[in-house]
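**Student:** Okay, here's the structure, questions in a sec.
The values are calculated or read from the model by the stated rules, or taken from the named source; none is laboratory data. Computed from a prediction, not measured in an experiment: that's the story for all the values here. Using ideal geometry, Cβ is built from the backbone for each residue, glycine included, and neighbour counts are taken over all protein chains shown. Heavy atoms of the whole protein, side chains included, go into the accessibility calculation; ligands, DNA and RNA do not. Shrake-Rupley method; radii C 1.70, N 1.55, O 1.52, S 1.80 Å.
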Amino acid sequence: MTGNRETVPENEGAARRSSRTRAAILEAARRRFAEQGYDRTTIRAVAADATIDPSMVMRYYGSKERLFEAALAVDLHLPDLTAVPREQLPRTLVLTFLDRWERAPAGDTLLLLLRSAVTADHAAARMREVFASQVGPALAPVVGPQGAPARAALVASQLLGLALGRYILRIPSLTHPSPEEIADLLAPAVAATLD
């Protein structure tokens, strides 16, 4: 130790820098992919946003497709739906998704996927995987395993349609109401889908 400063072993310092660089790249990539979609996002633009050389993006991720895949880690953080009273379930689902998008709509990975899924097949496949692996199993105990896949897909289409209109297309009649007002309007349609 010199003075009050601890010395950090060289390899530990390099690991920290590497971790910070990866985080900066992923943050810049998520923002770019969310704003511009897969096709219009470039490695150079991501590198510029992360204030690093484009070769560093390639060093860590190898290609734009692999960078996109790394940026797509999605956990919907769905609550335990079996603990939610049946009559509150539709509103809970709507508010769960709205809360997620309201906290970070510009850089949300789910919106990134939605924007990119229209033009990039691998983004569409990833979106299907997220909903099949998370929404379907979350709804199965509530609606029964036989109806869960179809009902989960229909609920997902309602929620993704809301996200498209509110956060990507920014339809004024969808952007002005509060999340609670939107939940009041959409919950009956979700309830009809679940019944």
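**Student:** When the range 35-56 is examined, which residues are found to be touching a Ser or Thr at 6+ places or on another chain (Cβ under 8 Å), open to solvent by less than 50 Å² (accessible area, probe 1.4 Å) and closer than 17 Å to A124 by Cβ?
**Tutor:** Passing the criteria: G37, Y38.
**Student:** Going residue by residue through the range 124-137, is there one that turns out to be open to solvent by 30 Å² or more (accessible area, probe 1.4 Å), hydroxyl-bearing (S, T, Y) and out of contact with any strand residue (DSSP E or B) (no Cβ under 6 Å at 6 or more places or on another chain)?
**Tutor:** The answer is yes, given that some residue of the range 124-137 is open to solvent by 30 Å² or more (accessible area, probe 1.4 Å), hydroxyl-bearing (S, T, Y) and out of contact with any strand residue (DSSP E or B) (no Cβ under 6 Å at 6 or more places or on another chain).
**Student:** Within the set of pairs 6+ apart or on separate chains, which have a first residue in the range 180-192 that is touching a residue at least 40 places away in the same chain (Cβ under 8 Å) and on the phi > 0 side of the Ramachandran plot, a second that is among the charged types (D, E, K, R) and open to solvent by less than 10 Å² (accessible area, probe 1.4 Å), and C-beta atoms under 9 Å apart?
**Tutor:** Listed pairs, sorted by first residue: none to list.
**Student:** Sticking with this structure for a sec: Report, ordered by the first and then the second residue, all pairs with beta carbons closer than 9 Å, sequence separation of six or more or different chains, a first member in the range 151-168 that is touching a residue at least 60 places away in the same chain (Cβ under 8 Å), and a second member that is among the acidic types (D, E).
**Tutor:** Close Cβ pairs (under 9 Å, with a partner that is among the acidic types (D, E)) amount to A163/D108; Y167/D108.
**Student:** If a residue has to be part of a helix (DSSP H, G or I), more than 23 Å from E180 (Cα to Cα) and open to solvent by less than 50 Å² (accessible area, probe 1.4 Å) to count, how many in the range 57-89 make the cut? Explain how you work it out, then say what you get.
**Tutor:** In the first step, residues of the range 57-89 are kept if they are part of a helix (DSSP H, G or I); the result is 57-61, 64-71, 81-83, 86-89.
Right, trim to more than 23 Å from E180 (Cα to Cα) and you get 57-61, 64-71.
Filter once more, so that each one left must be open to solvent by less than 50 Å² (accessible area, probe 1.4 Å): 57, 60-61, 64, 67-68, 70-71.
Of the residues in that region, 8 qualify.
**Student:** Have a look at T51, T96, T92 and point out the one that is among the hydroxyl-bearing types (S, T, Y), out of contact with any Lys or Arg (no Cβ under 8 Å at 6 or more places or on another chain) and in a loop (DSSP other than H, G, I, E, B).
**Tutor:** Values: T96 fails: in a loop (DSSP other than H, G, I, E, B); T92 fails: in a loop (DSSP other than H, G, I, E, B).
Residue meeting the stated conditions: T51.
**Student:** Under 9 Å by Cβ, and 6 or more places apart or on different chains, what pairs join a residue from the range 21-49 that is of a type in the set (F, W, Y) with one that is at pLDDT 90 or above?
**Tutor:** F33/T41; F33/V46; F33/L67; Y38/K64
**Student:** Here's something else I'd like to know. Any idea which of G165, G136 is under 30 Å from L26 (Cβ atoms), among the small types (G, A, S) and at pLDDT 90 or above?
**Tutor:** Details: G136 fails: at pLDDT 90 or above.
Going through G165, G136 in turn, the sole match is G165.
**Student:** Please enumerate the residues belonging to the range 137-195 that are under 20 Å from A34 (Cβ atoms) and touching an Asp or Glu at 6+ places or on another chain (Cβ under 9 Å). Spell out the reasoning first.
**Tutor:** As a first pass, look at the range 137-195 and keep what is under 20 Å from A34 (Cβ atoms): 156, 159-171, 174-175, 179.
Selection gives A163, Y167, P179.
**Student:** Which numbered condition trips up R128, out of (1) touching a residue at least 12 places away in the same chain (Cβ under 8 Å); (2) over 14 Å from L186 (Cβ atoms)?
**Tutor:** (1)
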